[in-house]
1. Treat each spin label as a single point 7 Å out from the Cα along the C-beta direction, and report the THR181 to ASN71 distance in nm.
2. Enter the angle in degrees (range 0 to 90, nearest 10) between the Cα long axis of helix 11-21 and the first principal axis of the Cα atoms of the chain, meaning the one along which they spread out most.
3. Is the C-alpha gyration tensor of the chain telling us rounded, prolate or oblate? Criteria: a/c under 1.5 is rounded; beyond that, a/b larger than b/c is prolate, otherwise oblate.
4. R0 = 25 Å: FRET efficiency of ASP228 with LEU199, Cβ-based, nearest 0.05?
5. Pairing the Cα long axis of helix 130-143 with the longest principal axis of the chain, what angle in degrees results, from 0 to 90 and rounded to the nearest 10?
6. Is there a pair in LYS20/LYS88; LYS87/LYS129; LYS20/LYS87 whose C-alpha atoms are over 18 Å apart, and which pairs would that be?
7. Where does the charge balance sit around THR8 when Lys and Arg score +1, Asp and Glu -1, over other residues with C-beta under 9 Å from its C-beta?
8. Would you tally the net charge around ALA266, using a Cβ to Cβ cut-off of less than 12 Å, leaving ALA266 out, and scoring K and R as +1, D and E as -1?
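Every number here is computed from the coordinates shown, using simple stated rules; none is lab data. Quick caveat, the model's predicted, so the values are computed rather than measured. Note that we place each Cβ from the backbone using ideal geometry, even for glycine, and neighbour counts take in every protein chain shown.
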Amino acid sequence: MRKQITSTQNVFIKELFQLKEKARNRKNTKTFLIEGLREINLALKGGYIIQTILIDVSLISENDIEHLIENSSTTIDVIEISNDVYKKLALRETTEGILAISKTKELALHHIQFKNKNPLILVAEAPEKPGNIGALLRTADAAGIDAVIIANPKTDIYNPNIIRSSVGCVFTVPIATGTTTEVISFLKENNINIYGAALTASVEYQTIDYKQASAIVVGTEATGLSDDWLLNTAKNIVIPMRGAIDSMNVSVSAAIILFEAVRQRAL
């Protein structure tokens, strides 16, 4: 017999609501919430440990639940929740009626293990908007790059809005975080060329040879890259603008440059 929770005032549900809302709670407990069947399956595929799933049986089939449990290498507790409880914890009304409690991963730079001797990496300095971070992670997954590094992170990677906007790609690409100084040192120690997206002292992005180990570094749309990056790049690169504006969304810019690098590597 599965445990059932029907009240939104249940102490455990209140704790999960705080886990959804507050980065501090995620950090202290080293756990976070995942919403959606696809996202949970991607987390399992990415080696995340799912402790508990909460299901609204009016929205999800038993077959989906059984398949998910079969894909896990550890035992998963299953709790049935009412639709009211589900709505309290979920961000989206259109998800399949399933949430999961997962353990976080250690995101230190030294945990990154490159599969290739000439890795292709995306570095984002101080991104704040979960939507932009999610889009960058989707781009990284689509391009099949080796890792994403967030320098001077302003937002918790396990923020539910990042998971949602990345459509689970937060689980499919190796991610690490660190200060700008730490990230620059890490890249140099690993002999990875640094190419910073910047308007000053730059060359057009397609003129660079990305076949060697390369890190594409992007800053915020408001302020761009900090001087620390600009002083440590092999080259600064720019996407030539043909219209009236001088910049694009950071995830669009990253996609253009990364896919040029992928194109070169396929030749």
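1. 4.2
2. Here the helix axis deviates by roughly 20 degrees.
3. Here the chain falls in the prolate category.
4. Between ASP228 and LEU199 the formula returns 0.90.
5. With both axes taken from Cα atoms, the answer is about 70 degrees.
6. LYS87/LYS129
7. +2
8. Within the 12 Å Cβ shell, the charges total +2.
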